[in-house]
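One structure is given below, encoded as C-alpha cells.
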Amino acid sequence: GEDVEQSLFLSVREGDSSVINCTYTDSSSTYLYWYKQEPGAGLQLLTYIFSNMDMKQDQRLTVLLNKKDKHLSLRIADTQTGDSAIYFCAEMYGRGSTLGRLYFGRGTQLTVWP
Amino acid sequence: DVKVTQSSRYLVKRTGEKVFLECVQDMDHENMFWYRQDPGLGLRLIYFSYDVKMKEKGDIPEGYSVSREKKERFSLILESASTNQTSMYLCATRGRYNEQFFGPGTRLTVL
C-alpha cells in the first residue's frame, strides 16, 4: 500500500489552532514524518515520530499517532500567517526501510487568514 | 546543518534536448533521491541511489536516467526532453533517522 491520504485544503484564522490529518497505509511503519513546503521552495522537515511513540511535542507543534487507526495528525498552536504552506505527511515501511524510501501524501494546503 | 544544493532554480529547455540536473550534498549521506512534483499529484519518486554507482528505479523512471559517480553528487538526466517533463524536480538525501533532506528544487520548463 502506497497511498498516504491527506485532505487537500485547510483554512484557519490567525491565532487559532490548526490540525492537519493523515492516514497512512502500513501498520508496520517505523517512522512517520511531517514536512512543510513554502511556495517555490523544497520540503523542510518539521518533525518526525517513531512508531513506538504516541505523541511528540516541539514548541508550537504537536504530533499525535494512533497506530490502531493508522492515523497521524499535526497540530499547530497559535497559527500565524507564516505557517501558510503545504504540509506533507510521509511514512517509511517494509523494503523502504532498508533503502531509506519514504512514501508521501499529496499534501495539505494550509491557508491562514489574518 | 545538512546542505543539499541543486544546480539551477529555473531551467528552460527545448523538446528533444538532453538535460542534466545536478544535486550535491555535503553530509556524506549514502542515499540520494530524485522526485518530481506536480500540482495535485504530490511527490513522485523517479530514481534513487544507495551507493556510488548504485541506482534503483522509483515509481516513474521512464524517460529519465541517473548517474552517481561520486558520493556527494547525484545527477538526473532527461535523454530527450519532452513537454510532459515540465515539472518541479526535487533532490533529497537520507539522514540518520531516515528523514530526508531536500534541496530547493529546479523548476524545469520544456518548450
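Structure summary
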| read-out | value |
| --- | --- |
| Kirkwood hydrodynamic radius of the protein assembly as shown, Cα pairs, Å | 18.0 Å |
| Electrostatic dipole magnitude of chain A [Cβ: Lys, Arg +1; Asp, Glu -1; Cα centre; debye, to 20] | 220 debye |
| Dipole of chain B [Lys/Arg +1, Asp/Glu -1 at C-beta], most positive-end residue of B:78, B:42, B:101 | B:78 |
| Whole-number percent relative contact order across chain A, with pairs defined as alpha carbons under 8 Å at least 6 apart | 38 percent |
| Cα-centre dipole for chain B with unit charges at Cβ (Lys and Arg positive, Asp and Glu negative), debye to 20 | 220 debye |
| Of A:70/B:3; B:13/B:53; A:36/B:70; B:3/B:71, pairs whose Cα-Cα distance is over 21 Å | A:70/B:3; B:13/B:53; A:36/B:70 |
| Whole-angstrom gap from segment B:1-75 to segment A:52-84, using each part's C-alpha centre | 30 Å |
| Segment residue A:109-residue A:28, length gained on full extension (0.36 nm per residue, minus Cα span) | 26.4 nm |
| Computed E for residue A:78/residue B:3 - FRET, C-beta separation, R0 35 angstrom, nearest 0.05 | 0.70 |
| Unit charges on C-beta of K, R, D, E only; dipole of the protein assembly as shown, Debye | 400 debye |
| Nitroxide proxy distance, nm - points 7 Å out along Cα→Cβ at residue A:71 and residue B:72 | 4.7 nm |
| Cα→Cβ-extended label distance, 7 Å offset, between residue A:7 and residue B:51, nm | 4.6 nm |
| Distance cut-off 22 Å, percentage of C-alpha pairs in chain B lying past it | 24 percent |
| Choice from B:14, B:96, B:44 showing the highest fluctuation, given a GNM over chain B with Cα pairs closer than 10 Å | B:96 |
| Cα-projected label distance for residue B:96 with residue B:44, points at 7 Å along beta-carbon direction, nm | 3.6 nm |
| Leading residue at positive end of dipole, the protein assembly as shown (Cβ point charges), from A:108, B:111, B:33 | B:111 |
| Exposure proxy ranking, count of Cβ atoms within 10 Å, fewest first, for B:36, A:60 | A:60, B:36 |
| Segment A:52-108 - Rg (one decimal) and Dmax (whole number), Cα, Å | 13.3, 39 |
| Summed side-chain charge close to residue A:27 - residues other than residue A:27 whose Cβ falls under 9 Å, Lys, Arg +1, Asp, Glu -1 | +2 |
| Over chain A: Kirkwood hydrodynamic radius from C-alpha pairwise inverse distances, Å | 14.2 Å |
| Cleavage-rule hits, chymotrypsin sites (Phe, Trp or Tyr not before Pro), segment B:72-111, DSSP coil, Cβ neighbours within 10 Å at most 15 | B:97 |
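Read-outs throughout are calculated quantities, based only on the coordinates presented, and are distinct from any laboratory measurement. Every value quoted in this text rests on a predicted model; they were computed, and no experiment measured them. In this analysis, Cβ positions are derived from the backbone assuming ideal geometry, glycine residues included, and neighbour counts consider all displayed protein chains.
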